[in-house]
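Take a look at the structure below.
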Amino acid sequence: MKRFYWILLFFLLQGCSDRNDMLPSGSQLLKNSDFSASPDNVSPWVAITSPGFNLGVSEEVFRIGSRSVYIENLDSLNQNTGNWKQSYTGPAPRPGRTLRMRAYLKGENIVLRGPRSNIYISMRAFPVQDSRGSTIGRFISSQDRIRVNGTFDWRPIELVLNNAPDEIDFITVYLVMGPRATGRVYFDEVTLTVD
């Protein structure tokens, strides 16, 4: 009888463990995707400032909610990048699942100078390398896929990681204005979902 209880306990714990690892399709992994959850801040979003960049929150320009975040650079020789980031630390998606990151952006006087100059979104699974030393499938970016210029209204930008890697501790997403990009870009309605 004692053995029966141990086996039953094992299967119950195993079932709970599997349920915690399972994220239903459509699960939204980011918090405060419209930057409007709190009247005081845009937490858990964090601005990563670099010299020459102005990162801020706009209550005048937004797509949904009542705010957006922006990145601005006026120096065409600036080799730095400006970033907003957020990390997801909940249950990891099962290996092989599809992760979809989407954001909307709006540009004012965007000028790109050079091949690495762009406005883009990216996502990284941490640790950067798995236990076998592989970095494959742990980073994806829209940097070389879509280029934006000029002044434009809200448009979507999307990344799809078709095969989530194994051994994920957390996932960080980035909203980026790259080197030598000038103007101001707004970001809103940023989501990371499991398909």
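Considering 156, 179, 165, the condition of being over 19 Å from residue 126 (Cα atoms) and assigned to a loop (DSSP other than H, G, I, E, B) is satisfied by 179 alone.
Screening the range 39-145 for strands (runs of 3 or more DSSP E) wholly inside it with 1 or more residues that are touching a residue at least 12 places away in the same chain (Cβ under 8 Å), touching a Ser or Thr at 6+ places or on another chain (Cβ under 8 Å) and open to solvent by less than 30 Å² (accessible area, probe 1.4 Å) returns the ranges 53-58, 68-73, 82-88, 99-112, 119-126, 139-141. Taking (1) open to solvent by 50 Å² or more (accessible area, probe 1.4 Å); (2) assigned to a loop (DSSP other than H, G, I, E, B); (3) β-branched (Val, Ile, Thr); (4) touching a Gly at 6+ places or on another chain (Cβ under 9 Å) in turn, residue 148 satisfies each apart from (1). Please verify whether residue 172 is more than 20 Å from residue 27 (Cβ to Cβ) and either of a type in the set (Val, Ile, Thr) or part of a strand (DSSP E or B) (or both), treating the condition exactly as stated. Taking the combined requirement at face value, the residue does not satisfy it. Of the residues making up the range 94-153, those that are more than 13 Å from the chain's Cα centre (by Cα) and among the small types (Gly, Ala, Ser) are 96, 107, 114, 117, 131, 133, 134, 137, 150.
The values are calculated or read from the model by the stated rules, or taken from the named source; none is laboratory data. From a predicted model like this one, the values you see are computed outputs, not experimental measurements. Here the Cβ is made from the backbone with ideal geometry for all residues, glycine too, and neighbour counts use every protein chain on show. Side chains are part of the model used for accessible areas, which takes the heavy atoms of the whole protein and leaves out ligands, DNA and RNA. Shrake-Rupley method; radii C 1.70, N 1.55, O 1.52, S 1.80 Å.
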